[in-house]
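One structure is given below, represented as structure tokens, and several questions about it will come after.
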Amino acid sequence: MPTDNENTINAPSETGPSDPSRRTLLAGSAGLGLAAAVPAATAAAQSAESPSREFAGRSAFVTGGARGIGYATAEALARAGADIMLYDVAGQIEHVKYPLATPEDLATAKANIEALGVKCIAVQGDVRDGPKQKAAMQEAAATFGSVDFVVANAGITQVGPLDIFSEAEIDVVLDVNLAGAMKTLQAAIPIMRAQNAGRIVLMSSITGRRGSEFFPVYSASKWGMIGLAKSTARLLAKSNVTCNAVCPSLVRTRLLDNDYILGTMIPDNPTIEAADAGAKQLHVMPVGLYGPEHVANTVKFICSDAAAYISGDVFDIAAGRNTEFPA
């Protein structure tokens, strides 16, 4: 297996990510997913003098950060002054039937974050690889001086009824979406405990709040993310670390906008325009597919000092779709 240094991306790029949207979305019945994290004591002073740089001196570790919701989140935190580590597989995973981010996407994301005047490290790595995530997290702490925000956003999906999937197809979704997030937390917990501060955001989905016959494994993994967020919030409460889940609905990202998802969900008209029209029917508010920056803004709030005592909660970003939930 290549070393961390061999997979650290340094190549610059002049354009924005091939598609600033990807990992966490699920069309179909209703769904998506994402996540982010909390400020450390060592940088507690960024302030009222420059509210737009409220996270200066802090840093974030974002999985699935090469494009999509992960990239949008990293960008929002960087605009507020946070240094960023992007951790992304940036390559294809067996049994995933649509294109994932590429090394070029990751290099472009890194260049764009650095252009905002903050530091950025980009590591090509799989969230299923616990030792590699731990090494990357330690590199972030050593380079930036702290890891204040952790956004466990990496995720994949598949479409169809449960009985059509092989064991391997089931395993890969659970291993990336849920076990991968657990390994992210295992890497972060010792650092945040030592800091006695931090924010963790786990990317769940509206399909983690309601069932979906089209996305049964994905839905199960995202329900699991909510349980993981609440459990982690209890575990780390006395260390001043918060943990919350974010549940997007229908976001315009590559996780939706690809031939596999559109062709399976809308076989008669597999276009992003048709998906947008369907989203307008599902959402209560007059909006179709919305941009990943709306999820990123919610993550940014959770990471802010204003959210210091919010932990173990679930934030729906669903344009009113969540009004059907019982509580």
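If the Cβ limit is 6 Å and pairs must be 6+ apart or interchain, which residue in segment 175-190 that is assigned to a helix (DSSP H, G or I) pairs with which residue that is crowded, with 22+ Cβ neighbours inside 10 Å and aromatic (Phe, Trp, Tyr)?
Sorted first by the residue in segment 175-190, then by its partner, the list stays empty.
Within segment 198-224, restricting attention to residues that are surrounded by fewer than 24 Cβ atoms within 10 Å (Cβ to Cβ) and small (Gly, Ala, Ser), which residue is nearest to Asp171 (Cα to Cα)?
Applying the filter and picking the extreme gives Ala220.
Rundown of residues vs (1) more than 15 Å from the chain's Cα centre (by Cα); (2) buried (at least 24 other Cβ atoms within 10 Å of the Cβ), yes/no style:
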{"position": "Ile226", "(1), (2)": "no, no"}
{"position": "Ala229", "(1), (2)": "no, yes"}
{"position": "Ala233", "(1), (2)": "yes, no"}
{"position": "Asn240", "(1), (2)": "yes, no"}
{"position": "Cys243", "(1), (2)": "no, yes"}
{"position": "Ser249", "(1), (2)": "no, yes"}
{"position": "Thr253", "(1), (2)": "no, yes"}
{"position": "Tyr260", "(1), (2)": "yes, no"}
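Return the residue satisfying two criteria in turn: it lies in segment 255-284 and is of a type in the set (A, V, I, L, M, F, W, C) and in a loop (DSSP other than H, G, I, E, B), and of such residues it is nearest to Val173 (Cα to Cα).
Among those that are of a type in the set (A, V, I, L, M, F, W, C) and in a loop (DSSP other than H, G, I, E, B), it is Leu255.
Since every read-out is calculated from the coordinates, none of them should be taken as a lab result. The shown structure was predicted, so the numbers you read here are calculated from the model rather than taken from an experiment. Note that each Cβ is placed from the backbone with ideal geometry, even for glycine, and that neighbours are counted across all protein chains shown.
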